[in-house]
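A.B. asks: Below you will find the structure I want to go over with you.
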Amino acid sequence: MNIGCVKEIKNNEFRVGLTPDNAASYVREGHRVYIERDAGTGSGFSDEEYQRAGAEIIPSAEEVWKKSGLMIKVKEPLKEEYAYFREDLILYTYLHLAADKALLDAMLASGIKGAAYETLQESGGALPLLAPMSQIAGRLSIQEGAKYLEKPFGGPGILLSGVPGTPKARVVILGAGTVGSNACKIAAGMGADVTILDLNLERLAELDELYGSRIQTLYSSPGIIQDALAQADLVIGAVLIPGASAPKLIRREYLKRMKKGSLIVDVAVDQGGCAETTRVTYHDNPTYTVDGINHYCVGNMPGAVARTSTIALTNATIRYGLQIAGKGLERAAAENPAIYSSVNTYGGNCTCKNVCDGFSLEYRAPQKLLGAVA
Ligand SMILES: NC(=O)c1ccc[n+]([C@@H]2O[C@H](COP(=O)([O-])OP(=O)(O)OC[C@H]3O[C@@H](n4cnc5c(N)ncnc54)[C@H](O)[C@@H]3O)[C@@H](O)[C@H]2O)c1
């Protein structure tokens, strides 16, 4: 199989779909790897490293798309890239088609085979290609939160851990899933006073077991949330109802009871955010203030730590990518239900139920098109 990897063209996106190490794995299995010139530079990988791994550096994106049978990316293609779609091309990347009708239309019109990272699901329900980015966003939420509590960054001038004789910062985390538990780990590690809320009592019991008296776990309800917010210096929004927009747990009127200058880092912004006052921001101007409360609502937080994010993402994507490259999408999907669950478009059909439902399109189960799942 010819494997391609192009430079991401989305604003401020520095991740890349393949590391040199990944390229070497594909080459070892007999595939050819084409990398667009400078594709890895933003993540700290040079063209020479890819060449040493056995990949070929190609000057133009267009040529890489043309030569490839399997295109491995990070972000969904942008309009400039739609012209490269073809029926015999497999596209393996984040697609987020439910939020992008123009991309879905272009994929259906071309017949391209779209395998989406975000829907690839293992039998226990885990989403292994989403988890690494949630781990990073969760950890980063505290790092960024600590920064924007500092005076020079518009904060109230509070050190998360405090020092002996001063209060610790109070960190309130809404949601104890992957983002929330990673935020909890870093906040507790930095010595903050941490409260974490969820509806899932088993999750809270796990965290209680892990951290003991170092954190407070609370069952999430509107009254409890309001009381916790009133005490908080830093709030992390980390809730998710899969497939739905985030529940608005922080109503605008709750801001009145919060401390002036406190900060909401709404990681759930990519699902609409869990505060009524959330609106998407970008790394070049990440914060804004409503009613005296600072908000940080960056939709692609992992992009700030592109090197770590690229390595974490590709550690997860490589094993499925090698199966797709080795067997072709049809056999790989038929033999591995996780890969089957990643197929969002095939031969001009929409093959992801949630995406189809969102746009009232006819759903075609991919196993009918690709062969039965073993
Ligand atoms: N901004 C970014 O760059 C970025 C990066 C990664 C993930 N995210 C987003 O972060 C969010 C969380 O992702 P995750 O991987 O941690 O999801 P997850 O499914 O692992 O965890 C979500 C948690 O929210 C809890 N929850 C649901 N409703 C709740 C409520 N009313 N009160 C309290 N808890 C509630 C669930 O029980 C679950 O434990 C998602 O929207 C995800 O897309 C954003």
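A.B. asks: Compute the relative contact order of region 158-204 as a whole-number percentage, counting only Cα pairs closer than 8 Å that sit 6 or more residues apart in sequence.
C.D. replies: Numbers: 67 pairs, mean separation 19.3, N = 47.
Contact order relative to length: 41 percent.
A.B. asks: Can you give me the distance in nm between label points at Asp208 and Asp21, each placed 7 Å from the Cα along the Cα-to-Cβ direction?
C.D. replies: Here the answer is 3.9 nm between the modelled labels.
A.B. asks: So, R0 is 35 Å and r is the distance between the beta-carbons of Val163 and Gln231; what FRET efficiency does that work out to, to 0.05?
C.D. replies: Values: r = 20 Å, r/R0 = 0.57.
Working from the Cβ atoms, E equals 0.95.
A.B. asks: Just to be sure I understand the model, the point goes 7 Å from the Cα along the line to the Cβ. What's the resulting Arg279 to Ala99 distance in nm?
C.D. replies: Each label point lies 7 Å from its Cα, and together they span 1.7 nm.
A.B. asks: Full-extension gain between Asn200 and Phe153, please, as 0.36 nm times their residue separation minus the C-alpha to C-alpha distance.
C.D. replies: Working: separation 47, 0.36 × 47 = 16.92 nm, distance 3.48 nm.
Stretched out fully, the Asn200 to Phe153 stretch lengthens by 13.4 nm.
A.B. asks: Decide, for region 309-374, between rounded, prolate and oblate: order the square roots of the alpha carbon gyration tensor eigenvalues as a ≥ b ≥ c, take rounded if a/c falls under 1.5, and otherwise choose prolate if a/b is larger than b/c, else oblate. Present the calculation step by step, with values, prior to reporting the outcome.
C.D. replies: On the way: a/c = 2.71, a/b = 1.41, b/c = 1.91.
In terms of gyration-tensor shape, oblate.
A.B. asks: Quick check for me: using +1 on Lys/Arg Cβ and -1 on Asp/Glu Cβ, what's the dipole size of region 250-330 about its Cα centre, in debye to the nearest 20? Intermediate results must be reported in sequence, preceding the final value.
C.D. replies: Working: 10 positive and 7 negative charges, 56 e Å.
Result for region 250-330 is approximately 260 debye, rounded to the nearest 20.
A.B. asks: Here is a further query. What is the set of long-range amide H partners of Ser341 at a cut-off below 5 Å, with H atoms built 1.01 Å from backbone N?
C.D. replies: Result for Ser341 returns Gln121.
A.B. asks: Turning to a different aspect of this structure: Measuring from label point to label point, each 7 Å out along Cα→Cβ, what is the Ala365 to Arg319 span in nm?
C.D. replies: 2.7 nm
A.B. asks: Say a paramagnetic label sat at a point 7 Å from the Cα of Asn12, along Cα to Cβ; which residues of region 283-314 have their backbone N under 16 Å from it?
C.D. replies: 283-289, 295-307
A.B. asks: Relative contact order of the chain: what whole-number percent is it, with Cα pairs under 8 angstrom and at least 6 residues apart?
C.D. replies: About 16 percent, as a whole number.
A.B. asks: Enumerate the calculated ³J(HN,Hα) couplings along region 32-37 in order (Karplus 6.51 cos²θ - 1.76 cosθ + 1.60, θ = phi - 60°), each rounded to whole Hz, writing x wherever the residue is Gly or Pro.
C.D. replies: The phi angles translate into 9, 10, 10, 10, 5, 3 Hz.
A.B. asks: Something else about it: Pull up all non-local amide H partners of Ser220: gap of 5 or more, or a different chain, and H-to-H distance under 5 Å with H placed in the peptide plane.
C.D. replies: Result for Ser220 returns Asp198, Leu199.
Only the coordinates and a few stated rules stand behind these numbers; no lab work does. Keep in mind the model is a prediction, meaning the values are calculated, not measured. Glycine gets a Cβ as well: all are built from the backbone with ideal geometry, and neighbour counts include every protein chain shown.
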